[in-house]
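First the structure, in the form of structure tokens, and then the observations on it.
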Amino acid sequence: MNFTTYVADISKPTPKPHPLDPLTSTEIRLASQIITANFSPNLIPIFSTVTLKEPRKSELLPYFLNDTLPPFVTREAFATIMDPMTQAGYEVVVNLLGKKVTSVVQLDPGTQQMFTIGDKEDINEVVLSDPEVRRRLEAMGLTNLSMVVPLGGDFGYAGDRPEYVGKRIAQVFMTFQNFQYDNFFAHQVGFVAVVDILAKKMLAIEELPTTLGFETSQAPLGETSVPRTSHNYDPALLPSGFFRKDVHPITCSQKGGPSYKVSGYQVSWQKFKFRIGFNPREGLVLYHVNYNDNGNVRPLIYRASLSELFVPYGDPRPPYHRKMIYDAGKYGIGQTAVTLRPTPDCKGGSVHFFDVVVSTKAGLPVTIPSAICMYEDDAGVLMKKYNTRDKRSYTVRNQRLVITFTSSVGNYDYEWRWIFHQDASVRMEVNLQGIDAPIFLSSWGESVTPPDHGTVFTPTPGILAPNHQHLFIVRVDAEIDGNANTVAMVDVVPDGSTGTSQNPYGNGFKAVPTILKTPSQARTNSNAATARSWHIYGDIEKKHPFSRTPMGYHLVAGSPVHLMINPDSPLHPKCAFVDYTVWVTPYEENQLYAGGAYLNNSGLPEWVASTPDANLVGTDIVLWHVFGVTHIPRVEDFPAMSVETAGFWLKPVNFFKENPARDVPGFVHED
């Protein structure tokens, strides 16, 4: 493959620092030292996160709207920490230039913070050293503990276990390998361990239902059968001659180098300009996106990022009801990022990599090399027209800019992609990859009926993959042509009944915008019957000179999804932020996370309830979009699933005076 690789190490200060640049390794280390000294000697803190505290929007907005760089650099760190003795939590702000703590806020008792880098090792040590766990594993024939793989995760729901409420609890499903590189997801066992993470203590061992019913084993050591048959995807474990011989690689090249320019974290690509940010929770953040419209630089987005990813499982048998996974708010989409490679992960022309820096439970910096990848590729035809009279064809290829990173969260690997197109549209998409999270199935019993809540992947004793959903919610802080924006829900409907004067033949239809004036009104769902979309207007009083309509962008919901948890379920309050396809709220500082900062039944439902009648017309607004996948597993998903894609578009609507891609060079040929 012919490509050029450019690497930017974001652990080092950029030549021209900007207030939105991610924290460097030096800054993370400094912040943790200052915080530790502030609490010493009474508390040696456990750090959940150490990240940039962004300057207030009001400080930076004028510079974004004027397309200028701020003349100042403020550098503050925001950390969430825990006292391992009392389990109390704190939010701490550090002035990095002044080298001092400026704010300490104690969290409400029981507030749960993100998992840290280091929790996994603590959980594994507790589980594998527990005598009861060892006895159970030995009864299964699993005597080599180095091949046992605990899968610790969030407890999810403790409403039926009040003794665990307010504690930092993990539930740990157990798997194992037959040998190195073996796919341990194929080897599940029949119990789950419950661990107090901060106390480093085993709290309970629970039996799993191992048939298709709700019943669990009553044997002294539980279910002792295990699935031993290997189901591998790693090439090192597959037989000689396994792979196809007729696959010829496709190469990519880009003569003359990239079309983009990078200065620190600022990227310019053709007519777009934006800044790249990164943090442990959200991962990649896009700041200050604007577009040069023939010399007129027009602002589009102040900030855009993934706000949350919620994965509920549809197996109603306890304890599987607790599998409510909040991948961003609990595990950190950013801190689970992995290193990317040019050919398998980023196959385009000139490839540019950024390292990223996250922090451990000790507050120490960890660099993930080449975690963000940026490249250009060819995505097919952008425009084409064949002139039948002159036998002349005009074709423009679709060259696009892709900024991507991948998070490996348990059994899933999510590839996050923000994609800029030459027609001024922006696409955000997620590629779901990896393995469906399987559970142990000892036997079908007498039943030959397929299970209702999942799909059996292998002969028994084997595994079953439960039905589940992936609900992504992206936060878009829009600044379409400025700070005063308005959102309309647009439905396409018939223009009256057949036989009426305006629709005599019944074939007329029209687009009807409904201005979303308040947060309580601006909670809306997709509607395929009306081809519903959402328009974000700039100044609503400023009309396009040709269409006489407001100028803006619209959100095309390409992957709408409906939450399958019942509204009256006790599980629902914690995930009510995914009840609607689109929410619109007035901008408020620090309202970044759809489910609330700590996923404690807060976030969007609470914010809307507190200001249901706030003004959303001609003001600073934030649009939240929920999209995703309802996944009924297929046997073809195993041992590794083919990629599945979900996403949405932001496309200009009556924003330009003509197709903004008309000046992209194309190809002409005659018959």
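The values are calculated or read from the model by the stated rules, or taken from the named source; none is laboratory data. Just so it is clear, the structure is predicted and the values come from calculations on it, not from any experiment. Reconstructed Cβ throughout: ideal geometry from the backbone, glycine too, with neighbour counts over all protein chains shown. When the accessible area is computed, the model is the full protein with side chains, heavy atoms only, and any ligands, DNA or RNA have been set aside. Shrake-Rupley method; radii C 1.70, N 1.55, O 1.52, S 1.80 Å.
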Next on the checklist: Suppose we filter Pro550, Pro519 for residues that are in contact with a helix residue (DSSP H, G or I) (Cβ under 8 Å, 6 or more places away or on another chain), touching a residue at least 24 places away in the same chain (Cβ under 8 Å) and under 27 Å from Ser58 (Cβ atoms); which single one remains?
Outcome noted: Pro519
Checklist entry - outside the structural domain of Ala77 (by the TED database) and free of Cβ contacts under 8 Å to residues at least 40 places away in the same chain - does that describe any residue in region 148-157? => result yes
Next on the checklist: If a residue counts only when it is in contact (Cβ under 8 Å) with a residue 60 or more places away in the chain, within 23 Å of Ser307 (Cβ to Cβ) and among the polar types (S, T, N, Q), which strands (runs of 3 or more DSSP E) contained entirely in region 569-671 have at least 1 such residues?
Outcome noted: 582-586, 621-631, 641-653
Item to check | Meets criteria (modelled with pLDDT under 95 and open to solvent by 20 Å² or more (accessible area, probe 1.4 Å)) for Thr102 | outcome: no
Checklist entry - Of the residues that make up region 464-473, is at least one surrounded by 17 or more Cβ atoms within 10 Å (Cβ to Cβ), of a type outside the set (S, T, N, Q) and not in a strand (DSSP E or B)? => result no
Checklist entry - For Gly156, are the conditions met, namely being in a strand (DSSP E or B) and under 30 Å from Gln112 (Cβ atoms)? => result no
Item to check | Residues of region 290-332 classified as over 21 Å from the mean Cα position of the chain (by Cα) and not charged (D, E, K, R), total | outcome: 14
Next on the checklist: Within region 629-646, does at least one residue satisfy the condition of being crowded, with 19+ Cβ neighbours inside 10 Å, at pLDDT 95 or above and farther than 29 Å from His468 by Cα?
Outcome noted: no
Checklist entry - Identify, please: which residue in region 112-129 is open to solvent by less than 30 Å² (accessible area, probe 1.4 Å) and assigned to a loop (DSSP other than H, G, I, E, B) and is, among those, modelled with the lowest pLDDT? => result Gly118
Next on the checklist: Name the residue that is farthest from Thr74 (Cα to Cα), counting only residues in region 26-53 that are of a type in the set (Ser, Thr, Tyr) and open to solvent by 10 Å² or more (accessible area, probe 1.4 Å).
Outcome noted: Ser40
Item to check | Subset tally (residues that are on the phi > 0 side of the Ramachandran plot and either among the aliphatic types (A, V, I, L, M) or touching a Lys or Arg at 6+ places or on another chain (Cβ under 7 Å) (or both)) for region 582-603 | outcome: 2
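Rundown of residues vs (1) crowded, with 20+ Cβ neighbours inside 10 Å; (2) in contact with a strand residue (DSSP E or B) (Cβ under 7 Å, 6 or more places away or on another chain); (3) over 23 Å from Gly482 (Cα atoms), yes/no style:
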| residue | (1), (2), (3) |
| --- | --- |
| Pro573 | no, no, yes |
| Val578 | yes, yes, yes |
| Val584 | yes, yes, no |
| Tyr593 | yes, yes, yes |
| Leu599 | yes, yes, yes |
| Gly603 | yes, no, yes |
| Glu606 | no, no, yes |
| Ser610 | no, no, yes |
Next on the checklist: I need the full set of residues from region 306-317 which are over 16 Å from Gly153 (Cβ atoms) and part of a loop (DSSP other than H, G, I, E, B), in order please.
Outcome noted: Gly314, Pro316, Arg317
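Let's see how each residue does on (1) in contact with a strand residue (DSSP E or B) (Cβ under 8 Å, 6 or more places away or on another chain); (2) among the hydroxyl-bearing types (Ser, Thr, Tyr); (3) at pLDDT below 95:
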position: Phe3; (1), (2), (3): yes, no, yes
position: Ser32; (1), (2), (3): yes, yes, no
position: Ile35; (1), (2), (3): yes, no, no
position: Tyr63; (1), (2), (3): no, yes, no
Checklist entry - Which residue out of Ala88, Ala77 is closer than 29 Å to Gly166 by Cβ, free of Cβ contacts under 8 Å to residues at least 24 places away in the same chain and of a type in the set (A, V, I, L, M)? => result Ala88
Checklist entry - Quick check, is Gly348 open to solvent by less than 10 Å² (accessible area, probe 1.4 Å), on the phi < 0 side of the Ramachandran plot and part of a helix (DSSP H, G or I)? => result no
Item to check | Among (1) in a strand (DSSP E or B); (2) open to solvent by 40 Å² or more (accessible area, probe 1.4 Å); (3) within 20 Å of Ala139 (Cβ to Cβ) - the single one Leu203 does not satisfy | outcome: (3)
Next on the checklist: Of everything in region 351-374, what is under 21 Å from Gly264 (Cα atoms) and either free of Cβ contacts under 8 Å to residues at least 40 places away in the same chain or open to solvent by 10 Å² or more (accessible area, probe 1.4 Å) (or both)? Give them in sequence order.
Outcome noted: His352, Asp355, Val357, Pro365, Val366, Thr367, Ile368, Pro369, Ser370, Cys373
Checklist outcome for this item: Counting only residues that are hydroxyl-bearing (Ser, Thr, Tyr) and at pLDDT 90 or above, region 241-262 contains a total of 2
Checklist entry - Filtering region 221-260 down to residues that are within 30 Å of Met147 (Cβ to Cβ) and without any contact (Cβ under 8 Å) to a residue 12 or more places away in the chain, which residue is least open to solvent (accessible area, probe 1.4 Å)? => result Leu238
Checklist outcome for this item: If we keep only residues of region 487-545 that are among the charged types (D, E, K, R), part of a loop (DSSP other than H, G, I, E, B) and more than 22 Å from Ile301 (Cβ to Cβ), then the residue least open to solvent (accessible area, probe 1.4 Å) is Asp495
